[in-house]
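Inspection log for the structure reproduced underneath, given as structure tokens.
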Amino acid sequence: MKVVTNQLWDKFSIEFLRNQVLKNAYGNDDTVIAKIDPRTLLIWYVFFGVLPWFMHNPTLLLGLFIFVAVTTRLTKVAPLVLFLFCFGILTQSGYLLIVSWFFGGDLATLGPILIMTLKVAITSLASITVFSGLNPDRLASGLLWFGCPDQFAFSIAFAYRILPILMEEFQNILLSHRLRGKSPNSIGWRGKFRYLIYQVKIIMFSFLPLMLNIAKRSRTTVEALELRGYRYANQNKIIKKMKLRQLGMGTVDVYFAIVSIIWLWGCFLIV
Amino acid sequence: MIKITDLHFTYPGAAIATLNGVDLEILQGEFIAIIGNNGSGKSTLCKTLNGLIPNFIVGEGSGSVTYNGEDLWKMPIGEIANCIGYVYQDFENQIVCPTVSEDAAFSCLNYGHEDYVKKGLDALVLCDLLDKKDDYIWQLSGGQLHLLALAGALALAPDVLILDEPIAQLDPAHATQMYETLKELNEVHGKTIIVIEHHSEYIAEYCHNAILLHEGRVLWKKDARSALRECQQLIDCHIFPPQITVAAQQIQQKSGWKQDQLLPTTIAEGKKFFEKMGILPDFKVRQEVMNSQLAIQLSNIDVQYRSVKGESKSLFTNFNLKIFAGDKIALIGSNGAGKTTLMKLLVGLLKPKSGTIMLNGTDVTALRAEQIAAHISLVYQNPEQMLIKESVRADIEFAMKERDIANYKQQAQALITLFQLDAIAESDGRLLSGGQMRRASLAIGIALEPPILLLDEPTANLDIATRQEIIRTLDLLKDTIETVVIATHDMQLVCEFANRIIVLADGEVIGDGPREVIFNNQAVRRQAGIEPPAIYQMAEQLGGSAYTIAEFVQAYQKELCV
């Protein structure tokens, strides 16, 4: 039992989260999806994110679902993201079902709820494919191409750059609390509850020191960005063009588009 | 090349000027060190050269700074960046892109150089990082990160490079690599290099000239060797000259023995100097007795790390170690050898995949970190992360208060007095200087009087004067805390503090014993990249052994004074 709880605890550790975040962002840059041009993927995403909401045929939706499930599989997404996805889908449909029964629904409500769930699932999986499959820099360049402000595009890439540092800092501050503070005894249900409250409390207390430490660090970063010409580049259109020159569509993009279209067409044919 | 005349600068809101009439000339191709105690204006001076002052940091300034005759303060910051590169002391915050090649090319791209990719790669070649170009930055070690920060600045091909404490966080092997890189840039590529440096051994070895800055003024500019011979003046400014110079000066003073030769600054010079004295020093060998009561026992430990890509990596395989009560252990080894992992294991932050950890005879393998926190305490490398309350006093009191220790207030006060924190006890720890923050973190770490204390790099990132102060503070701990383990690169600290040295390499103990054993073992020294302190190397050259300046001087005193 002890071992099991330790393993469970391990899964919720910041270290694990940090690893999963990194894995999700950068651990899959050798997949097929990662080789596709970010612009192709973004267009693809708009299509697959919107289309399901205008379709009602379960077979068609199921076809789309299988397709995005395959693309998600191809991105080698981190297990934590998949877990969150399943958890989200199940709880959402579960609660809809319970609410509908509460208001006098019967088994017949199950059908529409399933269709609804399928639509949400398709959109979510398409998002996972695009946002996990692309590493943040490529995503940022893609967004930049579509005219998104540079500050926003840069902050996506930069957030991933400092996220690991941030999480490590947070982890260490939490540890300071845990090691020096006195955690309540976690025996029995009341103990477990007390322990949970305690955990939440120290997480809250850790935020202020975290913010202060980050503020201290960011001073250098801000100065360095200035020195390294970040602001200068922002005011210059030619440099933006140079940045985007590294994007390029290739055969992978063509294949990906063809496969997507054929699959969709096939689905429509079957229906 | 760079000419500074009567430069004054005051930060907004500051009562006194940080720069107070600096006059300085730096020539093309110079390799120059700026020395001075904390707060003497070194970093500020450098920031006036890279355009951050006055373009980005506003304040009151007067005087002139010219670069090849052009007024630097009138140039746009982008133009300055193409002439003068800057590497920060906290270099990791200077790196803004996730991959190595991108970060190296970042500035070139921003300033619109068409061939930015090539320029980035060229800079990586200069810094010997080309084989890492596709790596993500968190895969790099501290030393490599520092080289990357340098590459990022180098990519713009500036003629001048300014580095703020380039080796503060590096182990000796990487520090030497850093300076060799700088030397090559200077000699082969003709770059002018300006370093802010505390390590006088490196100044003696690599720099041509040195500038002493004191209270915002340049006291002098001399060639590096003669600069370091100004022992007394340097010590008055809280800068420590090379160990060999200090030892030679002390021997001269104590013996009254005069010789017209100049004080030595490097080992080669020292050899001539001491041999000329014609006295055979009497180096005594000290043998410490090992305590026999077991405090910690690690047996058959396996540890694995999750990696971002692919399989977990195994760091420790069948690892065994015994630590005895009363041990003062220095844990050494290059970056990534497993020092931090071992410390995490000991305090229970990391659980081994298999194996057992016994603490004072109890099996603590499965216990949570908070359950053993009262018996073993860890002081982090980064003291900011130990400061979780609004004031230093509250931080020291915190652990005792939580554990309902009755007279916690008095005990905290006693610690504050012991660590000389009275004047700053009520301020937020983050605003303190590096040394003060470190002292505070030590006081916090021992508040619960743990029988075992672990310290991760207690002297990293400190100037030498503060380092001496911390080493003295650690001496205070010797009586309070029974068993101490210090993970460190600082060989002076190792020599002055430890009675047992454990050398780690790739997750294995490759050397274990008193300093006499470890430093005499050439194979271990090579494998772990250990560079003994200069004073030891000096004594070694003279056919004896001494680990501290005091021991070295004593060896001569016996001969001279009696």
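The values are calculated or read from the model by the stated rules, or taken from the named source; none is laboratory data. Please read these numbers as outputs of a predicted model, since none were measured by experiment. For neighbour counting, all protein chains shown are included, and Cβ atoms are generated from backbone atoms with ideal geometry for every residue, glycine included. Only protein heavy atoms, including side chains, enter the accessible area calculation; ligands, DNA and RNA are left aside. Shrake-Rupley method; radii C 1.70, N 1.55, O 1.52, S 1.80 Å.
When every residue of region B:140-161 is checked against the conditions, none turns out to be touching a Phe, Trp or Tyr at 6+ places or on another chain (Cβ under 7 Å), at the interface with another protein chain (Cβ under 8 Å from one of its Cβ atoms), buried (at least 24 other Cβ atoms within 10 Å of the Cβ) and over 24 Å from residue B:194 (Cα atoms). For the residues B:103, B:128, B:122, the requirement of being farther than 30 Å from residue B:460 by Cα and either more than 8 Å from chain A (Cβ to nearest Cβ) or part of a helix (DSSP H, G or I) (or both) singles out B:122. Please work out if residue B:60 is among the charged types (D, E, K, R), open to solvent by 10 Å² or more (accessible area, probe 1.4 Å) and without any contact (Cβ under 8 Å) to a residue 12 or more places away in the chain. Spelling it out, it is not the case that residue B:60 is among the charged types (D, E, K, R), open to solvent by 10 Å² or more (accessible area, probe 1.4 Å) and without any contact (Cβ under 8 Å) to a residue 12 or more places away in the chain. Exactly one residue out of A:208, A:212 is within 30 Å of residue B:102 (Cβ to Cβ), at the interface with another protein chain (Cβ under 9 Å from one of its Cβ atoms) and at pLDDT 85 or above: that is A:212. Just so you know, in region B:390-402 the residues that are surrounded by 20 or more Cβ atoms within 10 Å (Cβ to Cβ) and charged (D, E, K, R) include one that is nearest to residue A:173 (Cα to Cα), and it is B:395. The combined condition, being part of a helix (DSSP H, G or I), away from chain A (no Cβ under 14 Å) and surrounded by fewer than 20 Cβ atoms within 10 Å (Cβ to Cβ), is not fulfilled by residue B:117. State whether the residues of region A:230-246 include one that is buried (at least 17 other Cβ atoms within 10 Å of the Cβ) and touching a strand residue (DSSP E or B) at 6+ places or on another chain (Cβ under 9 Å). No: region A:230-246 contains no residue that is buried (at least 17 other Cβ atoms within 10 Å of the Cβ) and touching a strand residue (DSSP E or B) at 6+ places or on another chain (Cβ under 9 Å).
Here's the yes/no breakdown for (1) aliphatic (A, V, I, L, M); (2) open to solvent by 80 Å² or more (accessible area, probe 1.4 Å); (3) on the phi > 0 side of the Ramachandran plot:
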position: A:162; (1), (2), (3): yes, no, no
position: A:166; (1), (2), (3): yes, no, no
position: A:170; (1), (2), (3): no, no, no
position: A:176; (1), (2), (3): no, no, no
position: A:185; (1), (2), (3): no, yes, no
position: A:194; (1), (2), (3): no, yes, no
position: A:198; (1), (2), (3): no, no, no
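Among the numbered conditions (1) part of a helix (DSSP H, G or I); (2) under 26 Å from residue A:139 (Cα atoms); (3) in contact with a Gly (Cβ under 8 Å, 6 or more places away or on another chain), the only one that residue A:66 does not meet is (3).
Can you pull out every residue in region A:128-160 that is among the hydroxyl-bearing types (Ser, Thr, Tyr), surrounded by fewer than 17 Cβ atoms within 10 Å (Cβ to Cβ) and closer than 18 Å to residue A:27 by Cβ?
None; the set is empty.
Scanning region B:435-455 for residues being away from every other protein chain (no Cβ under 12 Å) and open to solvent by 10 Å² or more (accessible area, probe 1.4 Å) gives a total of 5.
Hey, among the residues in region B:174-193 that are surrounded by fewer than 17 Cβ atoms within 10 Å (Cβ to Cβ) and part of a helix (DSSP H, G or I), which one's farthest from the chain's Cα centre (by Cα)? Per the stated criteria, the residue is B:187. Filter region B:228-246 down to the residues that are in contact with a Pro (Cβ under 9 Å, 6 or more places away or on another chain), in a helix (DSSP H, G or I) and of a type outside the set (Val, Ile, Thr) and list them by number. Listed by number, the residues that qualify are B:228, B:231, B:234, B:243. What's the total number of residues in region B:468-481 that are open to solvent by less than 20 Å² (accessible area, probe 1.4 Å) and either polar (S, T, N, Q) or assigned to a helix (DSSP H, G or I) (or both)? Within region B:468-481, residues that are open to solvent by less than 20 Å² (accessible area, probe 1.4 Å) and either polar (S, T, N, Q) or assigned to a helix (DSSP H, G or I) (or both) number 5. Within region B:28-43, the set of residues being among the polar types (S, T, N, Q) and either surrounded by 23 or more Cβ atoms within 10 Å (Cβ to Cβ) or free of Cβ contacts under 8 Å to residues at least 40 places away in the same chain (or both) comprises B:40 only. If you filter region B:59-95 down to residues that are of a type in the set (Gly, Ala, Ser) and more than 22 Å from residue B:27 (Cα to Cα), you find that the one that is modelled with the highest pLDDT is B:62. Taking the numbered list (1) in a helix (DSSP H, G or I); (2) under 23 Å from residue B:97 (Cα atoms) in turn, residue A:193 passes all entries but (2).
Any idea which residue in region A:22-42 is modelled with the lowest pLDDT, counting only those that are crowded, with 20+ Cβ neighbours inside 10 Å and charged (D, E, K, R)? That would be A:23.
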